[in-house]
Structure formats: structure tokens, C-alpha cells
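The values are calculated or read from the model by the stated rules, or taken from the named source; none is laboratory data. The model shown is predicted, which means the values in this text are computed figures rather than measured ones. Reconstructed Cβ throughout: ideal geometry from the backbone, glycine too, with neighbour counts over all protein chains shown. Please note that ligands, DNA and RNA were not included when accessible areas were found on the heavy atoms of the full protein model with its side chains. Shrake-Rupley method; radii C 1.70, N 1.55, O 1.52, S 1.80 Å.
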Amino acid sequence: MGERSRKKGWCGWFLVLLVAAVIAVAVVITVRKRSQNSEPELGPVPGPPGQVQKKYGDALKIAMQFFDVQKSGKLVDNKISWRGDSALKDGSEAKLDLSKGMYDAGDHIKFGFPLAFTATVLSWAILEYGDQMQTVDQLEPAQDSLKWITDYLIEAHPSENVLYIQVGDPEKDHGCWERPEAMTEKRPLIQVNTSSPGTEVAAETAAAMASASLVFKSSDSTYSSTLLKHAKQLFTFADKHRASYSESIPEVQTYYNSTGYEDELLWAASWLYHATGDKSYFEYVTGENGNDFAKFGSPTWFSWDNKLAGTQVLLSRVSFFGEKDTSNSASLNKYRKTAEAVVCGLLPKSPSATKSRTDNGLIWVSEWNALQHPVASAFLAVLYSDYMLTSRTAKLSCSGESYGPSDIRKFAISQVDYILGDNPMKMSYLVGYGNKYPEYVHHRGASIPEDATTGCKTGWKWLESTDPNPNVAVGAVVGGPFLNETYVDSRNNSMQGEPTTYNSAVMVGLLSGLITTSSVVQSFT
């Protein structure tokens, strides 16, 4: 009886010691993790582009081609075999040449609001990561695609207070299924002016012109000056005649309805400050307008409709690298703090992490065109990560927890890898990349054989066809998966299967930022 009692006592003490050891190990691991998290490694000093990350370089070459797929007008050096000249008479009723520009999505409308956003983001990508694009010979194609849009935007702005914002009738266009080369329907024009103002579309076009003026400043100073002149005029028009284009022109609400113009005013002024160095634009964003419009402390999603998060990251650039009289501005610091809140919301382990994501970690906000938000978010994340690295800013604090540039970059990589095939469908949502990608993209030109003779109505059989698209809309970023991470590859499924030009712009920016390990941030000028 005594021997059994001693054994039971020994076993009891052993269990106590074992539990204590497990607890001690857990405490050590927790403390170590917290220690590592509170003092993240900064990483090496960024420099010129190094070794190319092949999969991102390959993906960029593919993504860039969608701009060629979407081009309107007389195609010069056409790289897409199944595309030809189209919409050559666009603008003729106003005695303007609006033949260039790009079609918005799988249809044949030129919507000026998202098209200008495409140009602004593409400019930003080139300005930040042009050196990385060059490592895979994509800088010149990016500049060419940008100029194809800005040539159109210049023509669309024939006088100081007039901007043509749409070519084509969406209702009639969506009643047709035909190749753009075969269009014969009338393509009416819509403009904003002093009687029917459109602050957000005028301001976004100003941002596009200002950012593009920086892109072409060293290669074509005359063209750059022309763009900047238009940018200044458009910003003045947008600011002086404040009204939403969705209210001035109610018919635009069906397709690209605006939720407000305040963000575009700040966005445009920020780009004009970068393009000109004129302190009046800096004062515009840091003064009363900033306090009224910036929604400091409230993270938002970056998109064609809302530019606040982009503005906050862009102005953080000034906070990181600007002259002392500007970088120390208290108002500027509010932009940077809000940009930090945006980034903190994206990091999956952050205390303030957004719950708007799938089970496998993809940012997911909207059922329609779901991929626009994760791609745009990841693009901003890469930018902010590189700003931190270049400025030797070791950490970002998210509700008391610390994260480094590498943590932010890992988030961006997780998003792009998901899109390129690391997802439950084992499918690339970038058409043309990988072994499996959507074959029934909702895109008129891709779905109709090049030699087919179709009219507005006779082409519908190609929409209903059960065969895969005869032409590959190479580079298209489709709408993407549902929240449950499924994807239905059907040509009639425009919710998931329709690509957009502006999705491609943020995708190009994201991929360009990931081609090499990191990029040193340089002055735009």
C-alpha cells in the first residue's frame, strides 16, 4: 500500500512538472514571437533591380498584353492577331478624333472615368517601377499603352471647361454581340461642361494627365508640357464647378456611378503637386480641403470610384522623402497615419485586420469584379513596403503590434500568388498565365472568330456557344471567385468572367513591384 502511494505521488509530481514545462515552453515561444513581431527585421538596403522573380516577370509580360487587346482606333504595330482597326469615326460628330483610347471591358464603350483611372495607375506603376519593368522589356510597352490613352484624353478635352467623358451608348452596345471591327451603330458622345459639371471625372482626368506628364518628362518634354497644361485646366474646372457627374448626367449611374467627388479632388491635387512642385497644390490637400474630404483615420478600399487610400499612400511618399518644410506637416502626417491604418487592415495577423477576405486569405469585398480590391490593395501594400525600406523605417505599429516591410510584402505576394493559381480552383485568374485559366471569358472580340461575319444581332450565337473562346483575351484579369472561392467558367457569367482595363492597370503595378526583391524609391522628377 505504501509503495503504490509513493508511485502515485511520483506520477503526480511528474505530471505537474510536465505541465509546467509545457507552459514554460509556450510562454517562451509567445514571448519570442512577440519580441520578433515588436522588432521586425528591416532587410537589406534596396538598390537597383536585382535577380528577376521569373513567375512575376512572365506574368507581367502577359498582363501587359490586355491593353493591346482593348485598343480602339487604327492599330499601329498591332500585336494581337485577331484585333484590327475599329471605331475610326469616334468623335466625328464633334469634329474630334476620339478614335484612340481603350474599350472598358468585354464591351465597346469608352467610359472616361475608369479609363482615366487606368492611365493614372499605369503612370504610377511606371514612375515607381519603370526600372523593374525594364528588366523584362516591359517599360516601353507600358509607356506606349499609356500614351494611347493620354492621346485620347487630350482630344477629349477640346477646351478648358469641356471634357468628353463617354463614347458609345451602353444600352445599344449591350444589345449587340459583335467584334469591335464590325461595329456600324452610332456612337454618341457625352460631355461634362459648366452647365453639366462632372467634378470626379474631370479631376481623375487631371490626375491622369499630371501623372503621365511625369512619365514623359525626360523622353518628350513637349508632350509632357501639353499634358500638364491640360491637367491644370481640368483641375481648375473640376474644383470651380463642383458637382457629381452622376447627378449632372443621371444615365451614367447604371454603369459607373460615382459615390462622391471629394476623393478625386485630393487625388488630382496630390498628383499636380508631384508634377509641378507648386506648394499651392500641397496646401490644397493639407488645408481645409484635406480636413473636409480626407476622412482621416478611416481606412477605405482603393478603386476606380474611391481614390482616398491611393492619395494617402501617395502623400505618404512626401512624408517619407519630402523636404523638411513639407514632410513635417501635421496634416501630411494624418495622411500617413491613415495609410498605415489601410496597411494594418490588410495584414492578416494584425489586430485590426479586415474580415473581408476568403477562407484562404484573398481580400474579398464585392461579388461583382471581386479581384479589383485584392489587386489594388496589394499594389498599395508593395508601394508602402518599399517606401519603408528605402527610408529605413523598420516597423509599422498596428494597435500595439509591430510589422516590418517584409510582412507587408508577404501579404502582397499572397494575393498575387492566389490570383496566379494558388487557390482552391487551382486556376489562374490571369488569362494566358499557367496551365489552367478561364476559357469562356465574357469578351465580345475574344468570343467571335476573326473571320466571322456578324452584325449587332447575328453575333449572339457566339455568346451562347458551348465552345471555348476562339481567341484568347491574353492578359485579362477576370472578375474572380465568389466568397466561397468557386468560379463558374461561363461566357454568360459576366459577374465573374468579365475583365476590365483598370483591373489590368493595378495588376501591372503589382507585378512590376514584385519582379525583383525590392526597389529603391526614387524621385519622380
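Here is how the numbers come out for the structure above:
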| read-out | value |
| --- | --- |
| Residue that is least open to solvent (accessible area, probe 1.4 Å), among those in region 314-357 that are charged (D, E, K, R) and part of a loop (DSSP other than H, G, I, E, B) | Glu323 |
| Yes/no for Thr118 being touching a Phe, Trp or Tyr at 6+ places or on another chain (Cβ under 8 Å) and either at pLDDT below 95 or buried (at least 20 other Cβ atoms within 10 Å of the Cβ) (or both) | yes |
| Options Ser246, Ser258, Ser211: the member that is surrounded by 19 or more Cβ atoms within 10 Å (Cβ to Cβ), at pLDDT 95 or above and outside any helix (DSSP H, G or I) | Ser258 |
| Matching residues, region 68-93, being over 16 Å from Ala182 (Cβ atoms), of a type in the set (Asp, Glu) and surrounded by fewer than 20 Cβ atoms within 10 Å (Cβ to Cβ) | Asp77, Glu93 |
| Any hit, region 436-457, residues being surrounded by 21 or more Cβ atoms within 10 Å (Cβ to Cβ), farther than 26 Å from Val375 by Cα and either touching an Asp or Glu at 6+ places or on another chain (Cβ under 8 Å) or of a type in the set (Asp, Glu) (or both) | yes |
| Wholly within region 362-455, helices (runs of 4 or more DSSP H) carrying at least 2 residues that are closer than 30 Å to Arg317 by Cα | 372-391, 405-419 |
| Residues (over 12 Å from Leu510 (Cα atoms) and among the small types (Gly, Ala, Ser)) located in region 358-384 | Gly361, Ser366, Ala370 |
| Lone unmet requirement of (1) without any contact (Cβ under 8 Å) to a residue 60 or more places away in the chain; (2) open to solvent by 10 Å² or more (accessible area, probe 1.4 Å); (3) touching a helix residue (DSSP H, G or I) at 6+ places or on another chain (Cβ under 7 Å) for Ser159 | (3) |
| Residue check, Thr311 of a type in the set (S, T, N, Q) and in a loop (DSSP other than H, G, I, E, B) | no |
| Number of positions in region 53-93 that are of a type in the set (Ser, Thr, Tyr) and part of a helix (DSSP H, G or I) | 2 |
